[in-house]
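K.L.:
Questions regarding the structure given below will be posed in turn.
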Amino acid sequence: MRSSTLLERFSRAFHDHPSLSKIVVLFAVSGGGLVAYAEANSGGQAIVPVEAESKKKRVVVLGTGWAGTSFLRNIKNPTYDIQVISPRNYFAFTPLLPSVTCGTVEARSVVEPIRNIVRKKNMDIRFLEAECVKIDAENKKVHCRTSNGTNLNGKEEFVVDYDYLVIAIGARSNTFNIPGVEENCKFLKEVEDAQEIRRSVIDCFERASLPNLSDEERKRILHFVIVGGGPTGVEFAAELYDFVNEDLVKLYPRVKELVNITLLEAADHILNMFDKRITEFAETKFRREGINLKTGSMVVKVTDKEISTKEKTGEASSIPYGMAVWSTGIGQRPVVRDFMKQVGQASRRALATDEWLRVEQTDSIYALGDCATINQRKVMEDIVAIFSKADKDNSGTLTAKEAREVIADICERYPQVELYLKNKKLGDVVDLLKESKGDVEEESIELDIAEFTSALSQVDSQMKNLPATAQVAAQQGAYLADCFNRMEQCEKYPEGPLRFRGEGRHRFRPFRYKHLGQFAPLGGEQTAAQLPGDWVSIGHSSQWLWYSVYARYLSLSLSNVTFKHDSFSGDLISTLLIAKFSKQLSWRTRMLVISDWMRRFVFGRDSSRI
C-alpha cells in the first residue's frame with residue numbers, strides 16, 4: 001500500500017476532526033490578495049440523557065429555503081429537540097439561479113448541504129429528507145412521505161409529532177390555471193429547474209444545427225420566450241443574451257442570425273417594484289440590444305410550439321417558440337392549501353400570521369417566507385381599546401401627555417402609525433392631534449373618542465404586505481429563532497408593546513422588516529441597484545458592487561461607485577447589503593462562486609449539456 005501524501009493526511013484529519021483547526025487559506029486573485037478565514041465548530045451533537053431529552057420541546061421545521069435555513073443558523077437554545085424535514089437536503093442560494101441557467105455559475109456553487117449546517121450546531125437537531133404531505137394541527141402531527149421511496153422502517157410514509165411547528169416550505173410557480181403552461185414551460189424556482197433550462201438552451205442550438213430543417217423551423221427553435229418581467233425574468237433574459245452573444249455564437253456560427261429573445265410582461269413596464277429610473281434604463285437597454293420586449297401582453301394559452309397572447313388593445317397574437325420560461329409569480333403548495341382550509345383561511349392567497357409570525361387561529365404553529373403573509377392589525381379595529389388604555393384617569397378625554405406616554409407602544413404595535421407620521425412630516429402623535437384640533441397649545445389639547453378616531457382615521461391606509469423575497473424570509477427566520485432562544489426569559493419578563501385589549505405586555509416585539517436594497521442584473525456587466533433613501537445606481541460600477549455582495553472579502557475597488565443625484569460610500573453600501581446574505585453563505589460557497597466568475601472571465605461559459 002502506498003504511503004499517504006501530506007496533503008491527503010491533512011485533508012483526512014480535517015474532515016474527521018473539524019474542531020482541530022481554524023484554517024486560513026490564501027488565494028491570489030488578479031495580483032491582489034484574497035483572504036478566506038474559516039472556523040469549524042465541533043461536529044458532534046450534544047449527548048443528552050433520556051430523561052432530559054423527553055422534557056425537551058419538539059420543534060419541527062418544514063423547509064430548507066431562506067426562512068428555514070436562517071432559523072436553523074440562528075437557533076441556539078439547547079432545550080429544544082429540533083427536526084428538519086425537507087425533500088431537498090440543501091439550501092439553495094436562489095439569487096444566483098439565473099446565472100446557473102447559462103453556466104456563469106455552477107449548480108454546486110449555489111448550494112449548501114443542510115447536514116453541514118446541522119452538524120456544526122451543538123444542539124439536538126436532526127434532518128429528515130422527506131416531503132410533508134399533511135399537517136394535522138388538532139393532534140399536533142405532520143404526515144410525511146420520503147423522497148427516496150422508503151424509510152428505515154420500510155414504509156413510504158411516516159408521522160412526526162411536534163410541540164411547535166415552523167412552516168417554511170416556500171411556494172411554487174403560479175400558472176394562473178392557464179392551459180398548457182405546466183406541460184410546456186420551464187420554471188426557475190429550484191436548482192434542478194436551472195439545470196434543465198441550461199440543457200434545453202444547448203439542445204435548441206444543437207437541434208437548429210441539424211441539416212434537415214428549414215430556416216423557419218430553425219427560427220422557431222431558436223426563439224426563447226421569457227414570460228414575466230420581474231427581477232427573475234429580467235435577469236434570466238439578460239444572462240441568456242450574454243450567453244448567446246458572448247459564447248454560443250462562436251460555437252454555432254451558422255445559426256447565430258436566427259436567435260431571438262422575447263420578454264413578455266402583462267403590465268405596462270418591467271421591474272415594476274423598482275424605481276422608474278431603473279425601469280426606463282432596463283427597457284431602453286433591452287430594446288437597444290435587440291431583445292423583443294412586449295409589455296401589456298397577457299398569455300392565454302401555451303402549446304408545445306406556440307404561445308397565444310392577448311394585448312391590452314384586445315388584439316390576439318401567436319408567438320412560435322423553441323423554449324419558454326415561466327416566471328410570473330408564486331402560488332401555494334398543496335399541503336399549505338389544505339392546511340389553510342383547516343384553520344379557516346381557504347379564501348386567502350397565503351397563510352395569514354400575526355406580527356409575531358404565528359399562524360392565526362393557532363397557538364403553536366408559525367409560518368414564514370413565501371408561504372405566509374403578515375396580517376397587520378388595523379388601528380381602527382382597536383381604537384376604543386387604545387383610547388381606553390391611554391386615558392389613565394378615565395376622564396373620557398385624552399391629553400397630549402397621556403398620548404405621549406403610550407405613543408411608543410402604539411408605533412411598535414401598529415407600524416403604520418409611524419409611517420403615516422413620517423409621510424405627513426409630523427414629529428409625533430401630538431402633532432397629529434394638534435392638526436386635528438387646529439392651532440391650539442399642546443397643554444390645552446383634549447380629545448374625546450370621536451376626535452381621537454378622526455385623527456387616526458387615515459393611518460391604516462399606509463398598510464402594505466411584505467414582498468415575497470429572500471431578504472424578507474431570511475430576516476423572518478432570524479427573528480423567529482431569536483424568539484425561540486429567549487422564550488423562557490420573555491415569558492417572565494415580557495419586552496413587547498402593551499396589550500391594548502388585555503393586561504400586561506406581549507412577550508416579544510413584533511417582527512419588523514428592514515429593507516436593505518435590491519439588485520437587478522441587466523447583463524453586459526451592468527446592474528441596477530436600489531437602496532434605502534432613494535439611492536439608485538445603474539451601470540458597470542453596480543455590477544462590481546453586485547459581485548462584492550457575494551464575495552464579501554473580494555478585493556474590489558468600490559470607491560468610484562456613483563449614484564444618481566449624489567454619491568455614496570461603496571464600502572458602506574457593500575457592508576449593508578452583505579449583512580442580508582453573509583450568514584447564508586459558507587466559505588465553501590463563496591470560494592466556489594468566486595472561482596466560477598474567474599473561470600468565466602478567462603475561459604467563457606460552459607456550453608456542455610452535462
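The values are calculated or read from the model by the stated rules, or taken from the named source; none is laboratory data. Predicted model only: the values in this text are computed from it and were never measured. As a convention, Cβ positions derive from the backbone with ideal geometry for all residues, glycine included, and neighbour counts pool all protein chains shown. In case anyone asks, the SASA skips ligands and DNA or RNA and just uses the protein heavy atoms, side chains included. Shrake-Rupley method; radii C 1.70, N 1.55, O 1.52, S 1.80 Å.
K.L.:
Can you give me the orientation-averaged projected area of the convex hull built on the Cα atoms of the range 384-483, in nm²?
P.N.:
Projected over every direction and averaged, the Cα hull of the range 384-483 covers 7.8 nm².
K.L.:
Using a Förster distance of 22 Å, how high is the FRET efficiency between V300 and E196, based on the Cβ-Cβ distance and rounded to 0.05?
P.N.:
Taking R0 as 22 Å, the efficiency between V300 and E196 is 0.30.
K.L.:
On a straight-distance basis, which lysines could pair with K434 in a cross-link, Cα separation under 26 angstrom, same-chain partners fewer than 8 positions away excluded?
P.N.:
K378, K389, K392, K401, K422, K424, K425
K.L.:
Same structure, new question: Express in % the proportion of alpha carbon pairs of the range 110-233 at distances exceeding 23 Å.
P.N.:
When every Cα pair of the range 110-233 is considered, 58 percent fall beyond 23 Å.
K.L.:
Using a 1.4 angstrom probe, figure out how much accessible area the range 363-522 has per residue, in square angstrom, rounded to the nearest whole.
P.N.:
50
K.L.:
Given an 8 Å cut-off on Cα distances and at least 6 residues of separation, report the relative contact order of the range 202-332 as a percent.
P.N.:
31
K.L.:
Just to be sure I understand: if I project the alpha-carbon convex hull of the range 303-359 onto a plane and average over all orientations, what area do I get in nm²?
P.N.:
The directionally averaged projection comes out at 6.8 nm².
K.L.:
What are the principal axis extents of the Cα atoms in the range 49-119, in Å, biggest first?
P.N.:
Here the Cα extents, ordered largest to smallest, are 53, 20, 18 Å.
K.L.:
Using a basic spin-label model with each label point 7 Å from the Cα along Cα→Cβ, how many nm lie between H269 and S209?
P.N.:
The answer from the label model is 4.1 nm.
K.L.:
A follow-up question, please. Using a 1.4 Å probe over the heavy atoms of the protein chains, calculate the carbon and sulfur portion of the accessible area of the range 52-169 as a whole percent.
P.N.:
Carbon plus sulfur share of accessible area: 45 percent.
K.L.:
Please report Rg over Rh for the range 165-217, where both radii come from the alpha carbon positions and Rh follows the Kirkwood definition.
P.N.:
Radius of gyration over Kirkwood radius for the range 165-217 works out to 1.17.
K.L.:
Here's something else I'd like to know. Give me the Kirkwood hydrodynamic radius of the range 265-372 in Å, from all C-alpha pairs, to one decimal place?
P.N.:
Result for the range 265-372, one decimal place: 17.3 Å.
K.L.:
Under 24 Å from the Cα of K305, which lysines turn up, not counting those fewer than eight places away in the same chain?
P.N.:
By straight Cα distance, K305 reaches K186, K189, K219, K256, K294.
K.L.:
When the Cα centres of the range 445-478 and the range 339-384 are compared, how far apart do they sit, in Å?
P.N.:
15
K.L.:
A further question on this structure: What is the Cα radius of gyration of the range 313-461 over 2.2 N^0.38 Å, N being its residue count?
P.N.:
1.52
K.L.:
Right, another one. Return the Rg/Rh ratio of the range 449-534 with Cα-based radii and a Kirkwood Rh.
P.N.:
1.13
K.L.:
For V249 paired with E216, estimate the spin-label separation in nm (one decimal), with each label point 7 Å from Cα along the Cα-to-Cβ line.
P.N.:
Inter-label distance under the simple model: 2.7 nm.
K.L.:
Then there's this: As a test of understanding, state the convex hull volume per residue of the range 350-414 from its alpha carbons, in Å³.
P.N.:
103
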